[in-house]
Structure formats: C-alpha cells, structure tokens
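K.L.:
So that we are looking at the same thing, I have put the structure below in structure tokens.
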Amino acid sequence: MGIVISPSILNADYLNLGGEVERISNADFVHVDVMDNHFVPNLSMGAPTVEALVTRATLPVDAHLMIEEADRWAPVFADLGCHSVSFHAEATAAPVRLAREIHRLGARSCLALRPATDIAPYVDLLPEFDMILIMTVEPGFGGQKFLDVMLPKIERTREAIRRTGLDVWIQVDGGVSRETIERAAAAGANNFVAGSAVYRAEDAAAEVQTLRDLASTAFHH
Ligand code: DX5
Ligand code: ZN
C-alpha cells in the first residue's frame, strides 16, 4: 500500500478548473466534493462538472459525495467514470448493495464516516470496500482545523483492516497540511486529501510532493 495524495478542488478557482488540475499534475487523484445543501450546509458541484473533469482532466477523479440520497446518486458518479466513489455511511440505507453496485459500474467503492460515526458497526463490511474515508473535520467546508480526536479512530480502523489482510486504503479528509499529515500517517492513513494546504501554496505541485514525503516517512503500516 502506497502513499496517495488527492488534492481537493473545493477551494480552487472554478473559472479555471482545468488549469487548477494541471497545477497538481504530480498528484495521484483529484478529489471532488459533491454537496447537496442537505447532508452538509453547502452546495458545490454536481454531475455535469464532475463529468467534465473525468473527460478532460489529466488525473483520475476521486468523488466524495456529501449528499443525502447516496443510494440514488453514487451509481451515477461511478457510471460517468469516476475512478473512486465515496458515499457516507450516514446517508445510505444499504451500504453493501451500494458498494457492489459501484463495483459493478467499474469504480472503487469507499465508505465515508463523519467525525461522530464509529468504524465499529462497519468492521464486518470492510471486504466490500476499497477505502474508508475518515473525516477529520465536520464535512461541508474547506479550511477547517484538523480534528486530532479522530486519530484513535484512524488507528482502530487500520488495526481492523490489518486483521482482514486486505488492501483497504484509509483516506483522511479535512485540515490535512504539513502540520498534521504526519500524525494522520502515523495513525495508519495512507491516502490524504488536502484542499487549502495545496491550493493556497504558491507552488501547488511542490506542496503535493512535500506532503507525500512527510507522509511516507511517518507511515509504517
Ligand atoms: C470538506 C471536504 C474536503 C475539503 C478539504 O467537507 O470534504 O475535501 O475540501 O479542505 P481542507 O483541506 O482545506 O480542509
Ligand atoms: Zn472531501
């Protein structure tokens, strides 16, 4: 399992999305936050924008769906060509059915957990998923402070994955920066979403590389 860096374009320049993805061409994925103003108190982009990124951007797309109707919409994002689709545990009635549907449509399937949602009820479902997304802020906005109280959940999740023997990634999203990435990696995360840390940097690609180097040194799982 390698270190994976997935910058979020939530706070990028929407008038120049193609150019904004070019700035991070050394990243592994572009992370796209889809919000419906119900699951979170914010509205971002929808399927047409994500489809344009899938078709025209140079990086594979990692879609993070912060929407109430996950069962209805997650397959749409898998079908339009996202490499990875994350839906929230709190927003699905049938996580196993949805994970299998996403796989059938050719995408990686990922279960996302808000800060107050534990991994424990989902441990037996780990074989259904390629990745667990542990939110390290309350979802909805970029630029928030990393929640250190999530570190034990990252550790518990990594330990549960280790027991399965499967290659399930752990993604952390929210407040990831030079100051916090090593703690997340040491706890067991291998996939890092960073929005403001990357897009506020003068040289976004250099910031991606710095984050990758810091995480690689700290990750020993
Ligand atoms: C927040 C989103 C994140 C956000 C991260 O709900 O899911 O992907 O863009 O932004 P930063 O890195 O600024 O916390
Ligand atoms: Zn996100």
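K.L.:
Just checking, how many residues over region 186-211 are within 15 Å of ligand 1 (Cβ to nearest atom) and either in a helix (DSSP H, G or I) or modelled with pLDDT under 95 (or both)?
P.N.:
9
K.L.:
Failed condition for Q144, given (1) crowded, with 23+ Cβ neighbours inside 10 Å; (2) under 16 Å from V172 (Cα atoms), with all others met?
P.N.:
Against the list (1) crowded, with 23+ Cβ neighbours inside 10 Å; (2) under 16 Å from V172 (Cα atoms), Q144 comes up short only on (1).
K.L.:
Which residues, taken from region 191-207, are aliphatic (A, V, I, L, M), over 19 Å from S109 (Cβ atoms) and within 16 Å of ligand 2 (Cβ to nearest atom)?
P.N.:
Result: A194, A197, V198.
K.L.:
Applying the selection to region 13-25, what residues are charged (D, E, K, R) and either touching a residue at least 12 places away in the same chain (Cβ under 8 Å) or not in a loop (DSSP other than H, G, I, E, B) (or both)?
P.N.:
E20, E22, R23
K.L.:
A follow-up question, please. For region 147-190: of the residues being among the hydroxyl-bearing types (S, T, Y) and either within 16 Å of ligand 2 (Cβ to nearest atom) or closer than 20 Å to V30 by Cα (or both), which is surrounded by the fewest Cβ atoms within 10 Å (Cβ to Cβ)?
P.N.:
Kept after step one, since they are among the hydroxyl-bearing types (S, T, Y), are these residues of region 147-190: 157, 164, 177, 180.
When the remaining residues are screened for being either within 16 Å of ligand 2 (Cβ to nearest atom) or closer than 20 Å to V30 by Cα (or both), the result is 177, 180.
On the way: S177: 20, T180: 22.
Result: S177.
K.L.:
Moving to a separate point now. Quick one: count up the residues across region 41-50 that are under 16 Å from the mean Cα position of the chain (by Cα) and either within 10 Å of ligand 1 (Cβ to nearest atom) or acidic (D, E) (or both). Even if it seems obvious, please write down each step before you answer.
P.N.:
Restricting attention to region 41-50, the residues satisfying the condition of being under 16 Å from the mean Cα position of the chain (by Cα) are 44-45, 50.
If we keep only those that are either within 10 Å of ligand 1 (Cβ to nearest atom) or acidic (D, E) (or both) as well, we get 44.
Going through region 41-50 one residue at a time, the tally reaches 1.
K.L.:
When you go through (1) in a loop (DSSP other than H, G, I, E, B); (2) more than 10 Å from ligand 1 (Cβ to nearest atom) one by one for L10, which number turns out not to apply?
P.N.:
With respect to (1) in a loop (DSSP other than H, G, I, E, B); (2) more than 10 Å from ligand 1 (Cβ to nearest atom), L10 is out only on (2).
K.L.:
Same structure again: Test each condition in (1) within 16 Å of ligand 2 (Cβ to nearest atom); (2) within 18 Å of G142 (Cα to Cα) for A74 and report the one that comes out false.
P.N.:
So A74 meets the others, but not (2).
The values are calculated or read from the model by the stated rules, or taken from the named source; none is laboratory data. A quick note: this is a predicted structure, and the numbers were derived from the prediction, not measured. Positions of Cβ are backbone-derived with ideal geometry, glycine not excepted, and every protein chain shown enters the neighbour counts.
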